[in-house]
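Taking it in order: structure first as structure tokens, then the write-up.
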Amino acid sequence: SPMRVIAVPVKSLERAKGRLSAVLAPLERAALTLAMLEDVLDACMAQPGWQTWVISPDEAVLEVSARRRARPMVEEEPGLLAALHQVEEEAAGADALAGVLGDLPLLNPEVLASLLQTLGPVVAAPSDSDGGTNVLLRRPPQVIPPRFGTDSFRKHREAAAVHDLPFATVRAPELAFDLDRPQDVPVLLSYPGRSRTRAACLEMGLAERLSLTSR
């Protein structure tokens with residue numbers, strides 16, 4: 001049977017979401033990161049025929065992942081790119097590898113399924129905030145090198161063009177939205193539908209706290 005892997009890289013909880021540090025205490029940022037991971041895992045674990053691996057240096061992240069029956073992988077070297085290369089080595093021989101960022105709180109099983117079912121060697125979902133890549137699906141995993149961060153979506157598209165590979169873009173609010181900055185919180189709260197991340201934001205009274213700091 002074909003091996004298909006969804007890999008979710010997650011930073012250490014101490015380092016996660018630094019841009020929210022003006023509003024959130026470290027423990028709150030950690031709680032928010034874990035809530036987003038659970039939302040992402042809800043979508044990933046619902047995909048038949050796909051294994052979900054979570055790669056992180058953080059014990060709490062790996063515990064949550066193991067409890068959800070995802071495969072926990074201890075990150076050997078810091079940084080998103082190193083994590084993805086580690087996953088690639090581990091997934092050698094896989095038919096398909098999808099890198100899904102762990103901070104996509106609107107992700108749901110249907111939208112992720114539609115991306116995973118999109119045909120072609122390279123399928124990607126751009127981030128709204130910085131031209132980054134929120135999801136990168138490669139069949140097989142080595143067809144182009146992974147890039148992450150600002151403007152990586154364009155780099156993925158150009159790498160596919162250099163190798164004469166078809167490149168499919170999947171656009172949906174659920175794929176494009178990553179919670180990274182204070183101004184992302186109101187967007188999340190205005191979005192219809194329930195999520196663990198939304199519940200965590202409401203519990204922390206984030207909307208009120210943000211409106212106070214922005215005055």
Note to self: C-alpha centroids of the stretch 146-173 and the stretch 31-76 sit apart, in Å, by 25 Å
Using θ = phi - 60° and Karplus 6.51 cos²θ - 1.76 cosθ + 1.60, couplings along the stretch 54-69 (whole Hz; Gly, Pro as x): 10, 10, 7, x, 9, 4, 5, 4, 5, 5, 4, 5, 5, 4, 7, 6
Rough spin-label spacing in nm, given labels placed 7 Å along Cα→Cβ, for Leu212 and Ala60: 2.2 nm
For the chain, modelled as a GNM with alpha-carbon contacts under 10 angstrom, which of Ser65, Ser195, Ser129 fluctuates the most? Ser129
Per GNM of the chain with C-alpha springs under 10 angstrom, the most fluctuating residue out of Arg71, Arg29, Arg194 is Arg194
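In deg cm²/dmol, rounded to 500, what helix-only [θ] at 222 nm does the chain give when every DSSP H run of at least 4 residues adds -39500 (n - 2.57) and the total is split over its residues? All intermediate terms of the calculation are to be shown ahead of the outcome.
Details: 9 runs with 85 residues, N = 215.
When only DSSP H runs of four or more count, the value is -11500 deg cm²/dmol.
Pull out a ≥ b ≥ c, the square roots of the eigenvalues of the alpha-carbon gyration tensor of the stretch 46-144, then state rounded if a/c is under 1.5, prolate if not and a/b is larger than b/c, and oblate in the remaining case. Present the calculation step by step, with values, prior to reporting the outcome.
Numbers: a/c = 1.33, a/b = 1.23, b/c = 1.07.
Rounded, since a/c falls under 1.5.
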For q = 0.09, 0.15, 0.18 Å⁻¹, what log10 I(q)/I(0) does the chain give under the Debye formula with an equal point scatterer on each alpha carbon and no solvent? -0.33, -0.93, -1.33
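Summing Lys, Arg as +1 and Asp, Glu as -1, what charge do residues with Cβ under 12 Å from the Cβ of Ala70 carry, Ala70 excluded? Intermediate values should be presented prior to the final figure.
Details: positive: Arg67, Arg68, Arg69, Arg71; negative: Glu38, Asp42, Glu63.
Spelling it out: positives minus negatives among the neighbours equals +1.
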Between Thr169, Thr33, Thr197, which gets the highest mean-square fluctuation from a Gaussian network model of the chain, Cα cutoff 10 Å? Thr169
Any chance you could run the full-extension gain for Ser129 through Ala172? It's 0.36 nm times the residue separation minus the Cα-Cα distance, nm to one decimal. 14.1 nm
Could you work out how far helix 26-44 tilts from the main Cα principal axis of the chain, as a 0 to 90 degree angle to the nearest 10? 40 degrees
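Every number in this text was worked out from the coordinates using simple rules, so none of it is lab data. Note that this is a predicted model, so its numbers are computed, not measured. With ideal geometry, Cβ positions are generated from the backbone for all residues, glycine too; neighbour counts draw on all protein chains shown.
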